[in-house]
Amino acid sequence: MNEPVREFYDGLADQYHFLFADWREEVAKQGEALAAIIRREAGPAAASVLDCAYGIGTQAIGLALRGYRVHASDFSEAAVARARGEAASFGVELSFGVADFRALDAAIAAKFDIAICCDNALSHCLDDPDLSAAATQVRARLNAGGLFVASIRDYDLLLEQSGAEPGRDPGLPGLHGQRAAHGPPRGTMPQVFDDADGRRIAFQVWDWAPDRRSYAVHQYFLQEFRGQYDTTHHLSRFRALLRRELEQALRAAGFADVRWHMPPGSGYYQPVVTARA
């Protein structure tokens, strides 16, 4: 990952929980959904987990609460620093490290039964060489037959429903040669949360590249304090990573048995892909 990505997550580390009505509840919910997928795909004997895009611990803490042994690594030192305190507050023990998931072998020697990379982190791989490096590095950290679990935003659905311009990218699915009446969504609806600390509002604004294959994400938080609002802004760039593109990268890296688990069936909030090393 490049320096702007690091700066994005360093800046977001203290505020990431603002994205949820109750972040601690979200930890339990996401952990339960991922554990169910892992049990179904890897069986009860799989016990060790590498979370290579840990953030502040939303998924890894949830899995640790369900008995998995988790090593947590992330590109952002600020996120890892907060994650240590959050893990302690939940009463779980994890090991921690700082690593770019495109170069895991530089920081991690051990191998694991399961590797996870959730919350759209792979979409920071803006080109195919970066995506290939990430897939290859993750596979190298898995035991033979180990399971990779990743989640991304549903860009297939987002671009198909929005009528993105096929003339700019013939590979976009479901467009049937028709010119777009409108482009992809320009952001997310504001989420409003009220708690003991006051009101907070979270939303994103998206600036799409002309070819609709990547977009800048402006993450805004408005936080109330004594009737006044403080606004913070975090900026990063993501690739509109299609499912077939991720599948191709995983297979090219040597993964097999690539499967998608969609939210209605998995209970997880994003599409989840699993693949076998």
Report, ordered by the first and then the second residue, all pairs with beta carbons closer than 9 Å, sequence separation of six or more or different chains, a first member in segment 244-256 that is in contact (Cβ under 8 Å) with a residue 12 or more places away in the chain, and a second member that is in a helix (DSSP H, G or I) and basic (Lys, Arg). 250/139; 253/139; 254/139; 255/139
Those residues of segment 22-75 which are of a type in the set (D, E, K, R), under 16 Å from residue 93 (Cβ atoms) and surrounded by 22 or more Cβ atoms within 10 Å (Cβ to Cβ), in sequence order: 51
Segment 221-251, residues that are within 21 Å of the chain's Cα centre (by Cα), open to solvent by 90 Å² or more (accessible area, probe 1.4 Å) and farther than 21 Å from residue 37 by Cβ: 248
Scanning segment 132-184 for residues that are closer than 30 Å to residue 43 by Cα, crowded, with 18+ Cβ neighbours inside 10 Å and either at pLDDT below 75 or touching an Asp or Glu at 6+ places or on another chain (Cβ under 7 Å) (or both) gives 137, 146, 147, 151
Go through segment 79-108 residue by residue and tally those that are more than 19 Å from the chain's Cα centre (by Cα) and within 22 Å of residue 130 (Cα to Cα). 4
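Please verify whether residue 113 is open to solvent by 20 Å² or more (accessible area, probe 1.4 Å), assigned to a strand (DSSP E or B) and touching a residue at least 12 places away in the same chain (Cβ under 8 Å), treating the condition exactly as stated.
Values: open to solvent by 20 Å² or more (accessible area, probe 1.4 Å): yes; assigned to a strand (DSSP E or B): yes; touching a residue at least 12 places away in the same chain (Cβ under 8 Å): yes.
Yes; evaluated as a whole, the condition is true for this residue.
Restrict the check to segment 225-234 and report whether at least one residue is in contact with a Pro (Cβ under 7 Å, 6 or more places away or on another chain) and in contact (Cβ under 8 Å) with a residue 40 or more places away in the chain.
Initially, segment 225-234 is screened for residues in contact with a Pro (Cβ under 7 Å, 6 or more places away or on another chain), giving none.
No, there is no match, as no residue in segment 225-234 is in contact with a Pro (Cβ under 7 Å, 6 or more places away or on another chain) and in contact (Cβ under 8 Å) with a residue 40 or more places away in the chain.
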Qualifying residue in segment 9-25 (condition: in contact with an Asp or Glu (Cβ under 6 Å, 6 or more places away or on another chain) and either on the phi > 0 side of the Ramachandran plot or not in a helix (DSSP H, G or I) (or both)): yes
Within segment 92-110, considering residues that are touching a residue at least 12 places away in the same chain (Cβ under 8 Å) and not in a loop (DSSP other than H, G, I, E, B), the one nearest to residue 43 (Cα to Cα): 95
In segment 94-102, is there at least one residue being modelled with pLDDT of 95 or more, under 27 Å from residue 127 (Cα atoms) and among the basic types (Lys, Arg)? yes
Give the residues of segment 79-107 that are farther than 20 Å from residue 12 by Cα and surrounded by 19 or more Cβ atoms within 10 Å (Cβ to Cβ), sorted by residue number. 92, 94, 102, 104
Which of the strands (runs of 3 or more DSSP E) contained wholly in segment 174-277 include at least 1 residues that are within 17 Å of residue 151 (Cβ to Cβ) and touching a helix residue (DSSP H, G or I) at 6+ places or on another chain (Cβ under 8 Å)? 228-239, 256-261, 272-276
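Restricting attention to segment 1-21, which residues are loosely packed, with under 15 Cβ neighbours inside 10 Å, farther than 29 Å from residue 143 by Cα, free of Cβ contacts under 8 Å to residues at least 60 places away in the same chain and not charged (D, E, K, R)?
So the first thing to find is which residues in segment 1-21 are loosely packed, with under 15 Cβ neighbours inside 10 Å, and the list is 2-4, 14, 21.
Checking which are farther than 29 Å from residue 143 by Cα leaves us with 3-4, 14, 21.
Applying the additional criterion that residues be free of Cβ contacts under 8 Å to residues at least 60 places away in the same chain yields 3.
The answer is none; no residue qualifies.
The values are calculated or read from the model by the stated rules, or taken from the named source; none is laboratory data. Remember, it's a predicted structure, so these values are computed and weren't measured experimentally. Neighbour counts run over all protein chains shown; Cβ positions are idealised from the backbone, glycine included. These area figures cover heavy atoms from the full protein model, side chains too; ligands, DNA and RNA do not enter into them. Shrake-Rupley method; radii C 1.70, N 1.55, O 1.52, S 1.80 Å.
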